[in-house]
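Colleague: Before anything else, here's the structure in question.
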Amino acid sequence: MQNIKKTLKSKRFWLGTVLPFALAVAAAFVARYQLEISDGVTANYMAGQWPVYAPLNALTAFCLTLVVFALCGSWGIATGVSGLIFTVLALVNYYTRDLHGSALMPQDILNLGTAAEVMGSYTLHITQTVITIALLYIPVLVAAVVQVKLAGKHKRSWKQRGAHALACACGIFAVLYLGYFSPNPIKPATTYGWAWQETYYKYGYLAGSLEAASLMVDPILQPDGYSEDAATEAAAMAQDYQASPETANEQDYPDVFLILSESFYDFDLVTDLQADQEIMQVTKNLPNSIYGHTISPHVGGGTNSSEYEMLSSNSLMLMPSITPFNWLNLHKANSLVSNLKDLGYATPVSYTHLRAHETGR
């Protein structure tokens, strides 16, 4: 007891232990704010994340600081490195949301090759939000310098390193378990729905990213009422189905062009535009055409998701976080392409390959 009282009265304890720790936590709150503004979170949602989810996201960011601290033993280095990582992450997330229409998510790692190919066609503008995110790293850097000054120069023994690593591991486990993975977590386990904003805006960027990452492990959600018996029964019903034979001549098969443009939509569905002529006069007056609508699976489109739903007619409602062409086995899967092929259709590319084969080129 005397040792505890002596420690609490020690100036070295408060300046060398408590203050550096508090500065590291404060830097984590800055990181949380950087990520939220990079996501375009409105003021109402930002306020709604308090008093529960804002601290949870900050402590989640602090877990990275603990990892770095466990490795190097310096609060200054840990704060500076983790702050730099979150600053870069916030900037990348800002441009991802601005150009792609959705937040940077763990599954986007699988599309890095495609992203790199198309980045050359984009121009990255330095906006006020970008400047704000970058400037917010300055107080984090100042905190890191102060931590280094407070720490002084002394070597840690292996016993101290082990104790620090154990304490960091316990802290990380407590945050992740109580916040996300316990039977009754602070953040509900399943919140990801039709639009990514529903999770990311309400619960925070890092909380939403952790849920998206967990869905990558088991990306297909089990529907209500699902059982093996129900699946077997549904499969048996499909096997009993017999398609009625149809006959048609060549004139019944017109050329088919499928143009998928995520940025194109019918203005009449969302607003009443006042103009001196019809806005989509060409599209809506094409001769011998059938006009209808389809629904994009995500706000902002989502290239892979839109392509998959359009080509297969399958919904991704139970698989909201996956990149379908990377996760699903589509070998011999039914699609618009396979259905047209069964009717005798072929693409110009197929004819090109066929002619090349016949001529030996």
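Colleague: Calculate, in nm to one decimal, what GLU117 and ILE279 gain on full extension: separation in residues at 0.36 nm each, minus their alpha carbon distance.
Modeller: On the way: separation 162, 0.36 × 162 = 58.32 nm, distance 3.34 nm.
Result for the pair: 55.0 nm of gain on full extension.
Colleague: Rounded to the nearest 10 degrees, what's the angle between the helix 53-72 long axis and the longest principal axis of the chain, both from Cα atoms, 0 to 90?
Modeller: The angle comes out at about 70 degrees.
Colleague: So between VAL270 and ASN288, what do we pick up on full extension, going 0.36 nm a residue minus the alpha carbon distance? Let's see the in-between values first.
Modeller: Values: separation 18, 0.36 × 18 = 6.48 nm, distance 2.61 nm.
Contour length minus Cα-Cα distance gives 3.9 nm.
Colleague: Okay, moving on. Would you mind telling me which residue in ALA143, ALA58, ALA22 has the biggest mean-square fluctuation in a Gaussian network model of the chain, where springs connect alpha carbons within a distance under 10 angstrom?
Modeller: Comparing ALA143, ALA58, ALA22 in a Gaussian network model of the chain, the most mobile one is ALA22.
Colleague: Which angle from 0 to 90°, rounded to the nearest 10, does the C-alpha axis of helix 19-38 make with the longest principal axis of the chain?
Modeller: Taking Cα atoms only, the helix is inclined about 20 degrees.
Colleague: Subtract the Cα-Cα distance of LEU124 and THR42 from 0.36 nm times their separation in residues, and report this length gain in nm to one decimal. Before the final figure, lay out the partial values.
Modeller: On the way: separation 82, 0.36 × 82 = 29.52 nm, distance 2.23 nm.
Stretched fully, the LEU124-THR42 segment lengthens by 27.3 nm.
Colleague: Quick one: how many Å² of TRP14 are accessible to a 1.4 Å probe, rounded to 10?
Modeller: Using a 1.4 Å probe on the heavy atoms, I get roughly 120 Å².
Colleague: Send over the semi-axes of region 48-193's equivalent ellipsoid, whole angstrom and largest first, taken as the square roots of 5 times the C-alpha gyration tensor eigenvalues.
Modeller: Numbers: eigenvalues 189, 101, 46 Å².
Equivalent-ellipsoid dimensions as semi-axes: 31, 23, 15 Å.
Colleague: What nm distance separates the two modelled labels at MET317 and VAL337, each placed 7 Å from Cα along Cα→Cβ?
Modeller: So the label points at MET317 and VAL337 sit 2.7 nm apart.
Colleague: Suppose all protein chains stay in the model; what accessible area per residue would a 1.4 Å probe give for the chain, in Å²?
Modeller: 67 Å²
Colleague: Right, next: Per residue of region 89-102, what does 6.51 cos²θ - 1.76 cosθ + 1.60 with θ = phi - 60° give for ³J(HN,Hα)? Whole Hz please, x for Gly and Pro, Karplus curve as stated.
Modeller: Whole-Hz 3J(HN,Hα) from phi for region 89-102: 4, 5, 5, 5, 5, 4, 6, 4, 5, 5, 9, 9, x, 9.
Colleague: To continue, here is another question. Which angle between 0 and 90 degrees, to the nearest 10, do you get for helix 303-312 versus the longest principal axis of the chain when only C-alpha atoms count?
Modeller: With both axes taken from Cα atoms, the answer is about 30 degrees.
Colleague: With a ≥ b ≥ c the root eigenvalues of the C-alpha gyration tensor of the chain, is it rounded (a/c under 1.5), prolate (a/b larger than b/c) or oblate?
Modeller: Values: a/c = 2.56, a/b = 2.12, b/c = 1.21.
Prolate shape, in that a/c is at least 1.5 and a/b is the bigger ratio.
Colleague: Say each of VAL142 and LEU178 gets a label point 7 Å from the Cα, pointing the same way as Cα to Cβ; how far apart are those two points in nm?
Modeller: Computed distance between label sites VAL142 and LEU178 equals 3.1 nm.
Colleague: Next up: Please report the spacing between the Cα centers of region 160-221 and region 48-66 in Å, no decimals.
Modeller: Here the answer is 10 Å between Cα centres.
Colleague: Another question about this same structure. Tell me what the chain gives for mean residue ellipticity at 222 nm when only DSSP H runs of n ≥ 4 count, each as -39,500 (n - 2.57), the sum divided by the residue total, rounded to 500 deg cm²/dmol.
Modeller: Working: 16 runs with 193 residues, N = 361.
Mean residue ellipticity at 222 nm (helix-derived): -16500 deg cm²/dmol.
Colleague: Turning to a different aspect of this structure: Sort 264-274, 98-108, 129-139 by the packing proxy (mean of other Cβ within 10 Å over each peptide's residues), most packed first.
Modeller: Values: 264-274: 9.3, 98-108: 18.6, 129-139: 15.9.
Going by the mean number of other Cβ atoms within 10 Å, highest first, we get 98-108, 129-139, 264-274.
The values are calculated or read from the model by the stated rules, or taken from the named source; none is laboratory data. Predicted model only: the values in this text are computed from it and were never measured. Virtual Cβ from ideal backbone geometry, glycine too; neighbours counted across all protein chains shown. For the accessible areas, the whole protein counts, side chains as well, though only heavy atoms, and no ligand, DNA or RNA atoms are used. Shrake-Rupley method; radii C 1.70, N 1.55, O 1.52, S 1.80 Å.
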